[in-house]
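As structure tokens, the structure follows; a few thoughts come after it.
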Amino acid sequence: MFLCGSHRKLFAFLEESPSRRDRFEDRFACEGGGGGGSQDMVTMTNLLPTYIPNIQSWATAYIQSAMDMAGSPGNFTEYTDPTYAEQNANELAGIAALALRGTTGAAVEAYGKDYLRDLYDGLKLNTNSKIAAHYGKRIEALLEEFDDSVMPIIQHQHVFSFGGSDHNIAEARAAKLMMAKINEIAKMFYEDYIQERQLMHQGMAHATPYGLQCIRDGEMLRQAGAYEREYNQGSLQDVWDHYNEVQILPIRNLDILGNAVKSILSTSRTQTVQYHKPSAISQIAGFAIAGLSLYSMYSGTSRNPYSNPTAAGAQAAVKAYSAENMGFDRNNPEMIGQ
Amino acid sequence: MSTNTVVAVPTWAQDYVKQYGQMAYDLWNQPALVAYGGSIVAAQPQNEADGIQALAIRGAGGDEVISKATAFILDVIQGNRLAGTKQEFIDALALVTGNSTTDFASVSSRIGKKARYVGDPDGTFLAQALAAAYPALFNARVSAAIYADNYAKERVFLDHALAYGVEMGKHPVIDAETLRKAGLANREYLQNSYVLDHKLFIEQQEMSVANLEIFGNMLRALTGSQQTTTSTDPKSNKVMGAVGGAMTGAMIGSMFSPIGTVIGFVVGGIAGWLFG
């Protein structure tokens, strides 16, 4: 019965405009009322599209499914498998190596820095331990030449004036040449100095790369720590997220049912209208009046005010209606029986 | 009173809706949502702290290689090495002249020692006397040459040193930036902890609301599922009731007797006043 009535309304509902739809609602409400009276009027409207076969049973199955999914343990359950991967050996070893490098630096860099510090301080100048020996050997060779070649030649040239002034002057001149050569050889100490000065200057190119190494070391160490902390932070965040996910599970499950309920709402409309009832005393009074009226009509207890006039007005009326012309006075039509 | 009720939930679904409401109420009062109480900020590892401290020390104190190189290149650019007054240059020059002087003596000792012929008026070592002034002369010559050469070469060094001037001049900036980064690293850690603490704080407050909203969502879902309109009936007027009652009573009473009219009038009026 209900569905048949709903079908009629639905099709009408679908074919009519919204303004007409309201009127249909009213019409069906009146029809459903069953003719008024003191009974409450109940109007049931099904808004499910019944042109789809089995829609009603589907809707029931739908909310039942939602109920099942919302109930314990619910559709959404806690994920128990790992969600945060362990750090593997390579990653840990890499971080440890990074930390070690950042802590201790590199030996080759440390030695390089030591060298550069000495270089810039000029500690490498005049420290060629081999140059003195080299100088000594060259002087030795020079003196050998002096002894073996220069002096014999002078002596030979002055064999007839041996020991004379010319001989001495010649030796003195030879010594002069030797000393000039000694000076030239001794300049190797200065040349070594200049060489070191050159290297000192070239060493400037290495100052910045080496000087920045400690920054890189510090950064490496910090980065190693940051990797460790980021992993730990990620782990904490994962636990936190998991906790929140578990917390929200009952709510998500409940929302399944909530959404289903929201979908089901308004698929039906039942309207009950309670009509106003008169009060009991009013009804009793009405019945009493009706009953007494009927009683007086048939029992003859109704009193004729003209049968025994007592009051002045009644007597005048009796007189008037008993007189000629029924008390009508042509000269004074407004007055009767005066 | 008149009541008009509209129910939007189909009867076949009402049991589900009731269960939904009960479940929402139970979850709200459980309460279902409790804020996370575990650790949320990872501690700063020692390596990170040490690294930051190393950066801070480096930034604040600089590096010795850089400072020495900077001092050296500054000295060169200022031309302090042109005059040859630096001790290392003087030492190098002393090696030249000192070794020369030593070996000048070796040469001197080799001349004029031969025996003189009879009649030679000069009995001294004439050759050595003649060569006696040579060491100082040659050392002076070689010194002058070395000073000049040193000046020329130091000029070249000075010129080349300009290429490093700008680079070394940047190092205070690098130091400052390193120090700033060290501070930044600590601040970022602190900031991150603040952000997480704040997030948890908000989450804790939101949890209470979320608990409440479990029921609120249920209410919103069901709002409009039933509409009950209650309206009061129009109240009758006491005087009108009395008048109506009096008239009715009088009419009834008049059926019996004149006095019945009066009695009916009074009784009906009172009854109309009281029950109208």
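Couple of notes before you dig in:
- Dipole in debye (nearest 20) - chain B, about Cα centre, beta carbon charges: Lys, Arg +1; Asp, Glu -1: 360
- Near A:Leu47, the amide H atoms lying under 5 Å from its own belong to A:Ser268, A:Arg269; only residues 5 or more places off or on other chains count, and H is placed 1.01 Å from N.
- Each residue of the stretch B:87-101 is assigned a 3J(HN,Hα), and the resulting list reads 4, 5, 5, 4, 5, 5, 5, 5, 5, 5, 6, x, 5, 4, 4 Hz, derived from the Karplus form 6.51 cos²θ - 1.76 cosθ + 1.60 (θ = phi - 60°), x at Gly and Pro.
- Under 10 Å, Cβ to Cβ, from A:Ile131 - net charge with Lys/Arg +1 and Asp/Glu -1: -1
- Per-residue Karplus couplings for the stretch A:161-173, computed as 6.51 cos²θ - 1.76 cosθ + 1.60 with θ equal to phi - 60°, are listed in order as 10, 4, x, x, 4, 4, 4, 5, 5, 5, 5, 4, 5 Hz, Gly and Pro entered as x.
- Across peptide A:105-112, the mean count of Cβ atoms from other chains lying within 10 Å of each residue's own Cβ comes to 0.
- Dipole axis of the stretch B:1-143 (+1 Lys, Arg; -1 Asp, Glu on Cβ), positive-most option in B:Phe125, B:Asn139, B:Ser2: B:Phe125
- Least to most buried among B:Trp28, A:Trp58 (fewest other Cβ within 10 Å first): A:Trp58, B:Trp28
- Highest-MSF residue in chain B out of B:Ala94, B:Ala133, B:Ala83 [GNM, Cα springs under 10 Å]: B:Ala133
- Euclidean distance of C-alpha centroids, the stretch A:222-255 and the stretch B:50-71, integer Å: 39
- Helix B:258-275 vs. chain B, principal-axis angle (Cα, 0 to 90°, nearest 10): 10
- A Gaussian network model of chain B, with springs between Cα atoms under 10 Å, assigns the largest mean-square fluctuation among B:Tyr16, B:Tyr189, B:Tyr25 to B:Tyr16.
- Charge dipole (Cα centre; +1 on Lys/Arg Cβ, -1 on Asp/Glu Cβ; no other charges) of the stretch B:64-195 amounts to roughly 260 debye.
- Folded to 0 to 90 degrees: helix B:46-61 orientation relative to chain B principal axis, Cα: 50
- Rounded to the nearest 20 debye, the dipole size of the stretch A:122-211 about its Cα centre is 420 debye, using +1 on the Cβ of Lys and Arg and -1 on the Cβ of Asp and Glu.
- Exercise: per-residue mean of other protein chain Cβ atoms within 10 Å, A:197-203: 5
- Most mobile listed residue (B:Asn99, B:Asn186, B:Asn29) in chain B, GNM with C-alpha springs under 10 Å: B:Asn99
- Residue-count net charge about A:Gly105 - beta-carbon cut-off 15 Å; Lys, Arg +1, Asp, Glu -1: -1
- Cα-Cα over 26 Å, subset of B:Lys86/B:Lys153; B:Lys68/B:Lys153; A:Lys176/B:Lys86; A:Lys137/B:Lys153: A:Lys176/B:Lys86; A:Lys137/B:Lys153
- Per residue of peptide A:130-142, the mean number of Cβ atoms on other chains within 10 Å of the residue Cβ is 2.
- In this structure, the amide hydrogen of A:Gln87, modeled 1.01 Å from its nitrogen in the peptide plane, lies closer than 5 angstrom to no residue at least 5 positions away or on a different chain.
- In this structure the amide hydrogen of B:Gln227, modeled in the peptide plane, comes within under 5 Å of the amide hydrogens of B:Val6, B:Val7, B:Ala8, none closer than 5 places in sequence on its chain.
- Summing charges over all other residues whose Cβ lies under 13 Å from the Cβ of A:Gly94, with Lys and Arg as +1 and Asp and Glu as -1, gives -1.
Values in this text are rule-based calculations from the coordinates and carry no lab data. Just so it is clear, the model here is predicted, and its values are computed rather than measured. As a convention, Cβ positions derive from the backbone with ideal geometry for all residues, glycine included, and neighbour counts pool all protein chains shown.
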